[in-house]
Amino acid sequence: MSGLRRALLALAALAILAGVGAAALILTSDHTTPRGLAAALILTAGWSFAGTGLYAWDRRPGNNIGPLMTAIGFTFFFQGLSSSNNEVVFAIGIIGSSLPYAILIHLLVTFPAGRFESRFQRVVVGAAYLTTTVLQLGWAFFIDPTKQSDCGNCPENPILIAGHEGVANAINAVQVLTATFGIASTVAIVYLRWRRSTPAQRRVLTPVVLTGGVAFTILLAQLILSEAGVPQAVEDGTYIAAIVVFASLPFAFLLGLLRSRIGKAEEITTALSAENEQLNAELQAKVEELRASRARIVEAGYAERRRVERNLHDGAQQRLMALTMNLRLARDKLGEDPATTGELLDEAMEELAAATAELRELARGIHPVLLSERGLRAALGGLAERSPVPVELVATPAERLPAPIEMAAYFVVAEALTNVARYAEAEVATVRVERRNGTVEVEIRDDGVGGAELDAGTGLRGLEDRVGALEGSFSVTSRAGEGTTVEASIPCA
Amino acid sequence: MKDNWLVSTSVLIVDDHPSFRAGARRMLEASGYAVIGEAADGEAALEAVRELRPDLVLLDVQLPDIDGFEVAARLERAGAAPAIVLTSSRDRADFGDALAESPARGFIAKGELSGSTLAELTG
């Protein structure tokens with residue numbers, strides 16, 4: 001059993017004893033009438049508030065509502081003390097008898113969160129406590145119960161400063177004013193809270209507002225009727241009704257509080273489903289992105305094949321055609337024109353050398369053998385050597401990396417350097433490929449004209465897809481006049 | 001053979017590859033043809049035909065702008081078209097029905113181009 005649970009059970013036992021004690025005082029009182037009804041009011045109101053309050057305290061330990069309800073229950077028993085025939089106990093009872101109403105205001109103002117929401121709420125509750133403690137104590141010094149019409153057999157007031165009835169009346173007038181202010185403000189606060197509540201929040205407030213409203217009305221009616229001097233039976237009837245409604249008030253608080261748990265669960269469900277929707281949308285976007293990049297990769301494959309075919313057709317194949325014609329012509333001229341034959345054969349050899357070089361270049365574009373055989377450092381060295389723009393290799397990895405990563409890094413550098421040569425008008429380019437913290441960082445920087453764009457058909461989008469396929473990130477920074485920096489970061493455990 | 005002709009057949013060579021044009025010119029001239037012009041794309045070819053009025057156009061199929069079939073069709077529509085021989089570094093089979101539907105006299109793969117293969121189609 002937890003410490004809190006033990007303490008709450010101890011409080012429950014204390015509440016039972018306090019209730020029995022208060023009831024005993026009332027039933028043996030010389031001045032409280034009607035004794036039975038008064039005892040019933042104290043017991044039902046006190047026990048119901050204390051019982052439901054302790055239950056709420058146990059269920060919602062972080063919420064002040066439970067402790068407040070429990071406090072109302074206990075302070076009700078103070079009223080029992082005022083029934084005592086012993087003058088000291090009687091005086092203590094008088095002083096504390098109005099405290100539960102201040103706590104009730106505190107409870108209503110802060111229900112169901114158990115927290116203040118504004119300075120005004122603090123003022124209202126503070127004024128209520130001031131009225132029922134300091135002002136009540138002040139009033140107790142000057143009130144002479146024996147002179148009150150409805151307190152015929154009351155004990156003497158042991159702290160009475162006699163002869164200042166006027167002061168007692170003045171303090172009482174202030175109390176009436178502040179109590180009116182407190183009650184009106186509380187009604188307003190609860191009403192406004194009700195107005196701006198969502199349907200779920202209203203389900204929490206409804207029991208309290210309804211029961212509280214009925215209780216207020218009946219208490220008011222009872223007050224008016226007792227002043228108007230109606231038959232005792234009617235007065236007793238409204239008194240009993242008030243007791244019943246007042247005693248049911250804590251159950252309304254409890255019901256509201258438990259509903260707020262349900263409301264909380266609904267809020268959580270709503271929040272979760274909103275989060276779900278968000279996640280779904282993000283997932284959908286990701287799927288779309290993947291679909292698009294997959295389509296681009298497939299298209300890039302086809303485009304690459306077309307490029308290879310065109311390069312073969314325009315390059316080596318044309319040279320070989322010309323070579324064929326030269327050789328045929330040379331054969332025809334053989335014997336009759338040795339000089340021309342020699343020239344034709346020289347040209348044929350030049351064409352052959354050019355065709356061989358073009359085929360080699362093309363093959364390297366399809367798959368760089370140097371890369372697969374000797375790794376990134378050697379292959380990047382080859383790229384730098386062939387680049388028409390001077391390339392400084394700042395860093396290259398000495399070790400071999402997984403083949404797909406080497407390929408991606410190589411093609412990022414190759415494509416970037418091709419762009420540097422074609423568009424950048426750069427003096428120099430630097431290449432940095434480093435393995436760091438589980439990623440391979442690739443950076444190609446030039447001092448050219450800048451202004452490169454991902455979607456300008458420069459092959460950069462293809463690089464982004466290639467890097468993205470390895471869960472990597474790719475970026476191009478290229479402000480006009482400030483050179484271009486191509487960066488890729490590829491995970492590499 | 002053509003050396004015997006009184007007047008050589010005039011030829012326009014249309015191809016976007018200079019090395020091929022140079023080789024074809026040398027080969028055709030060695031075979032007795034008079035190469036009177038070269039064009040590197042389709043529009044230039046149409047223009048050159050209007051200006052030079054060659055007897056024969058050696059026309060590459062793949063050109064940077066309009067392809068050889070289109071050039072042949074437009075020359076045919078313009079009337080009084082010269083004899084047209086299509087050529088390509090690709091095979092006949094790469095073009096499907098297009099060769100048969102073209103008004104050109106015929107097709108010679110670039111690897112087989114010579115004075116005699118040309119004469120077979122135009123002679």
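The values are calculated or read from the model by the stated rules, or taken from the named source; none is laboratory data. Note that the structure is predicted; figures quoted are calculated from it, not measured. Because the Cβ atoms are built from the backbone with ideal geometry, glycine has one as well, and the counts that use them run over all protein chains shown.
If I filter segment A:269-290 for residues that are part of a helix (DSSP H, G or I) and in contact (Cβ under 8 Å) with a residue 24 or more places away in the chain, do I get at least one hit? No, segment A:269-290 contains no residue that is part of a helix (DSSP H, G or I) and in contact (Cβ under 8 Å) with a residue 24 or more places away in the chain.
Looking only at segment A:52-73, residues that are touching a residue at least 60 places away in the same chain (Cβ under 8 Å) and surrounded by fewer than 21 Cβ atoms within 10 Å (Cβ to Cβ) come to 4 in all. Kindly indicate whether any position in segment A:438-458 is at pLDDT below 90 and not in a loop (DSSP other than H, G, I, E, B). Among the residues of segment A:438-458, not one is at pLDDT below 90 and not in a loop (DSSP other than H, G, I, E, B), which makes the answer no. For segment A:342-361, the count of residues that are modelled with pLDDT under 85 and surrounded by 12 or more Cβ atoms within 10 Å (Cβ to Cβ) is at least one. Go through A:ARG305, A:ARG296, A:ARG331, A:ARG291 for me and flag whichever is within 14 Å of another protein chain (Cβ to nearest Cβ) and either within 60 Å of the chain's Cα centre (by Cα) or among the charged types (D, E, K, R) (or both). Matching residue, one of A:ARG305, A:ARG296, A:ARG331, A:ARG291: A:ARG331.
Condition check: within 13 Å of chain B (Cβ to nearest Cβ), in contact with a Lys or Arg (Cβ under 7 Å, 6 or more places away or on another chain) and of a type in the set (S, T, N, Q). Does A:THR341 satisfy that? Yes.
With a requirement of 1 or more residues that are aromatic (Phe, Trp, Tyr), the strands (runs of 3 or more DSSP E) lying completely within segment B:1-120 that satisfy it span B:106-109.
A quick yes/no check of all residues on (1) surrounded by 15 or more Cβ atoms within 10 Å (Cβ to Cβ); (2) among the polar types (S, T, N, Q); (3) at pLDDT 75 or above:
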residue	(1), (2), (3)
A:ARG193	yes, no, yes
A:VAL234	no, no, yes
A:PHE251	yes, no, yes
A:LEU255	yes, no, yes
A:ILE262	no, no, no
A:GLN278	no, yes, yes
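For the condition more than 27 Å from A:GLN148 (Cβ to Cβ) and assigned to a helix (DSSP H, G or I), A:ILE16 qualifies.
For B:ASP94, are the conditions met, namely being surrounded by fewer than 16 Cβ atoms within 10 Å (Cβ to Cβ), of a type outside the set (Gly, Ala, Ser) and without any contact (Cβ under 8 Å) to a residue 24 or more places away in the chain? In short, yes.
Residues in segment B:40-60 that are within 14 Å of chain A (Cβ to nearest Cβ) and of a type in the set (A, V, I, L, M): B:ALA40, B:LEU58. For segment A:463-488, taking the residues that are of a type in the set (Gly, Ala, Ser) and buried (at least 19 other Cβ atoms within 10 Å of the Cβ), the one that is nearest to A:VAL433 (Cα to Cα) is identified as A:ALA488.
Counting only helices (runs of 4 or more DSSP H) that sit completely within segment A:115-204, those holding 2 or more residues that are within 25 Å of A:THR32 (Cα to Cα) correspond to A:136-142, A:165-195. Among the criteria (1) more than 10 Å from chain B (Cβ to nearest Cβ); (2) more than 60 Å from the chain's Cα centre (by Cα); (3) not polar (S, T, N, Q), the one A:GLY365 does not fulfil is (2). Reported count of residues in segment B:34-57, each being closer than 17 Å to B:SER114 by Cβ and more than 12 Å from the chain's Cα centre (by Cα), is 1. Within segment B:9-33, the residues that satisfy the criterion of being crowded, with 22+ Cβ neighbours inside 10 Å, within 9 Å of chain A (Cβ to nearest Cβ) and either charged (D, E, K, R) or touching a Leu at 6+ places or on another chain (Cβ under 7 Å) (or both) are B:ASP15, B:ALA24, B:MET27.
When segment B:76-91 is limited to residues that are within 12 Å of another protein chain (Cβ to nearest Cβ) and within 15 Å of B:GLY42 (Cα to Cα), the one that is modelled with the lowest pLDDT turns out to be B:SER88. Set side by side, the residues B:GLY96, B:GLY37, B:GLY106, B:GLY111 differ, and just one is among the small types (Gly, Ala, Ser), within 14 Å of chain A (Cβ to nearest Cβ) and under 25 Å from A:GLN317 (Cβ atoms), which is B:GLY111.
Can A:ARG374 be described as away from every other protein chain (no Cβ under 14 Å), within 60 Å of the chain's Cα centre (by Cα), assigned to a helix (DSSP H, G or I) and at pLDDT 85 or above? Spelling it out, A:ARG374 is indeed away from every other protein chain (no Cβ under 14 Å), within 60 Å of the chain's Cα centre (by Cα), assigned to a helix (DSSP H, G or I) and at pLDDT 85 or above. The test for being farther than 23 Å from A:GLY472 by Cα, aliphatic (A, V, I, L, M) and without any contact (Cβ under 8 Å) to a residue 12 or more places away in the chain holds for A:VAL369. Among residues of segment B:39-50 that are acidic (Asp, Glu), those with a beta-carbon under 7 Å from a residue that is crowded, with 18+ Cβ neighbours inside 10 Å at least six positions away or on a different chain give the pairs B:ASP41/B:ASP16; B:ASP41/B:LEU63.
Conditions (1) under 21 Å from A:LEU460 (Cβ atoms); (2) touching a Ser or Thr at 6+ places or on another chain (Cβ under 7 Å), marked per residue:
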| site | (1), (2) |
| --- | --- |
| A:GLU358 | no, no |
| A:ARG374 | no, no |
| A:PRO390 | no, no |
| A:THR396 | no, no |
| A:PHE411 | yes, no |
| A:VAL420 | yes, no |
| A:VAL431 | yes, no |
| A:VAL440 | yes, no |
| A:ARG445 | yes, yes |
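For segment A:442-459, a residue qualifies if it is within 18 Å of A:TYR410 (Cα to Cα) and surrounded by fewer than 22 Cβ atoms within 10 Å (Cβ to Cβ), and the qualifying residues are A:GLU443, A:ARG445, A:THR458, A:GLY459.
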